1. Could you check, for the stretch 1-20, whether at least one of its residues is out of contact with any helix residue (DSSP H, G or I) (no Cβ under 7 Å at 6 or more places or on another chain), of a type in the set (Lys, Arg) and at pLDDT 90 or above?
2. Quick check: is even one residue across the stretch 68-88 in contact (Cβ under 8 Å) with a residue 12 or more places away in the chain, touching a strand residue (DSSP E or B) at 6+ places or on another chain (Cβ under 7 Å), not in a helix (DSSP H, G or I) and not basic (Lys, Arg)?
3. Starting from residues that are touching a Phe, Trp or Tyr at 6+ places or on another chain (Cβ under 7 Å) and part of a helix (DSSP H, G or I), keep the ones in the stretch 52-65 and report whichever is surrounded by the most Cβ atoms within 10 Å (Cβ to Cβ).
4. Does any residue of the stretch 125-140 turn out to be outside any helix (DSSP H, G or I) and more than 30 Å from Thr76 (Cβ to Cβ)?
5. Can you tell me which residue within the stretch 32-51, out of those that are modelled with pLDDT under 90 and hydrophobic (A, V, I, L, M, F, W, C), is most open to solvent (accessible area, probe 1.4 Å)?
6. From the set of residues in the stretch 1-15 that are within 22 Å of the chain's Cα centre (by Cα) and open to solvent by 90 Å² or more (accessible area, probe 1.4 Å), which is farthest from Leu55 (Cα to Cα)?
7. Could you count how many residues in the stretch 146-170 are among the basic types (Lys, Arg), modelled with pLDDT of 85 or more and surrounded by fewer than 11 Cβ atoms within 10 Å (Cβ to Cβ)?
8. Inside the stretch 89-100, can you point out the residues that are open to solvent by 10 Å² or more (accessible area, probe 1.4 Å), farther than 23 Å from Glu121 by Cα and either of a type outside the set (Lys, Arg) or in a strand (DSSP E or B) (or both)?
Amino acid sequence: MSAIVAYTRVSTDDQTCENQRRTISARYAVGKWFSDDGVSGSVVATQREGLAALLAYVRDGDVVVVAAIDRLGRNTLDVLNTVESLKEKGASVVSMREGFDLSTPAGKLMLTMLAAVAELERENIKARQMAGLERARAEGKHLGRKKTVDDSAVAAWRTENSASIKATAEHFKISVASVKRACTKG
């Protein structure tokens, strides 16, 4: 017996899938929900717990509903592979925002174009982020967390006490890697 299966995803822990659930529930009587909370769309579909479970669960005749195509992923090839895997199992995919059934030839064409546009937008965002970071560096701004370890104090204490890296890490309550970094600089 075929069913309506829904998939929702948000990229960060401070977001919620609730809006997607409401959108889908308003139009479909969903029999089974799958979700990935706080998982980037750039993570390959099969490595996302919720989507991997959906792929294992889906049966011939099922309709997989997503609120938008970018919920399946941000990489064109990954999205196409996911849709193809679902098709091979006899399931169809409906994307509500874009308003098409991805199991039809016209739907697959639209999917390819929209997934490519989504990937292009992601690359553009990344390029803008990199440009912003470069500008900040050029302006002499410090990027990242403030340093909490005084490298010279760590290296000096270790030398004065003939301490091991592990003992030094325990004394300063820092990681072994931080001690190694401090001692190679000092």
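The values are calculated or read from the model by the stated rules, or taken from the named source; none is laboratory data. Note that the structure is a prediction, hence the values are computed from the model and not measured. A quick note on method: Cβ atoms are made from the backbone with ideal geometry, for glycine too, and the neighbour counts reach across all protein chains shown. Calculation scope for accessible area: heavy atoms of the full protein, side chains included, ligands and nucleic acids excluded. Shrake-Rupley method; radii C 1.70, N 1.55, O 1.52, S 1.80 Å.
1. The answer is no; no qualifying residue exists.
2. Taking the stretch 68-88 as the starting set, the residues that turn out to be in contact (Cβ under 8 Å) with a residue 12 or more places away in the chain are 68-76, 78-83, 85-87.
Restricting the remaining residues to those that are touching a strand residue (DSSP E or B) at 6+ places or on another chain (Cβ under 7 Å) gives 68-69, 71-72, 83, 86.
Narrowing the set further to residues that are not in a helix (DSSP H, G or I) leaves 68, 72.
Within this subset, residues satisfying the condition of being not basic (Lys, Arg) are 68, 72.
Yes, the stretch 68-88 contains a residue that is in contact (Cβ under 8 Å) with a residue 12 or more places away in the chain, touching a strand residue (DSSP E or B) at 6+ places or on another chain (Cβ under 7 Å), not in a helix (DSSP H, G or I) and not basic (Lys, Arg).
3. First pass over the stretch 52-65, keeping only residues touching a Phe, Trp or Tyr at 6+ places or on another chain (Cβ under 7 Å): 53-54, 64-65.
Retained after the next criterion (residues that are part of a helix (DSSP H, G or I)): 53-54.
Values: Ala53: 15, Leu54: 24.
Among those that are touching a Phe, Trp or Tyr at 6+ places or on another chain (Cβ under 7 Å) and part of a helix (DSSP H, G or I), it is Leu54.
4. Yes; the residues of the stretch 125-140 include at least one that is outside any helix (DSSP H, G or I) and more than 30 Å from Thr76 (Cβ to Cβ).
5. The extreme case among them is Val44.
6. Of the residues in the stretch 1-15, the ones within 22 Å of the chain's Cα centre (by Cα) are 5-15.
Filter again for open to solvent by 90 Å² or more (accessible area, probe 1.4 Å), leaving 13-15.
On the way: Asp13: 23, Asp14: 26, Gln15: 24 Å.
Once the filter is applied, the top-ranked residue is Asp14.
7. We begin by selecting, within the stretch 146-170, every residue among the basic types (Lys, Arg); these are 146-147, 158, 166.
Imposing the further condition that a residue be modelled with pLDDT of 85 or more reduces the set to 158, 166.
Subset that is surrounded by fewer than 11 Cβ atoms within 10 Å (Cβ to Cβ): 166.
Final tally of qualifying residues: 1.
8. Of all residues in the stretch 89-100, those open to solvent by 10 Å² or more (accessible area, probe 1.4 Å) come to 89-90, 92, 94, 96-100.
Applying the additional criterion that residues be farther than 23 Å from Glu121 by Cα yields 89-90, 92.
Answer for the stretch 89-100, where residues must be open to solvent by 10 Å² or more (accessible area, probe 1.4 Å), farther than 23 Å from Glu121 by Cα and either of a type outside the set (Lys, Arg) or in a strand (DSSP E or B) (or both): Gly90, Ser92.
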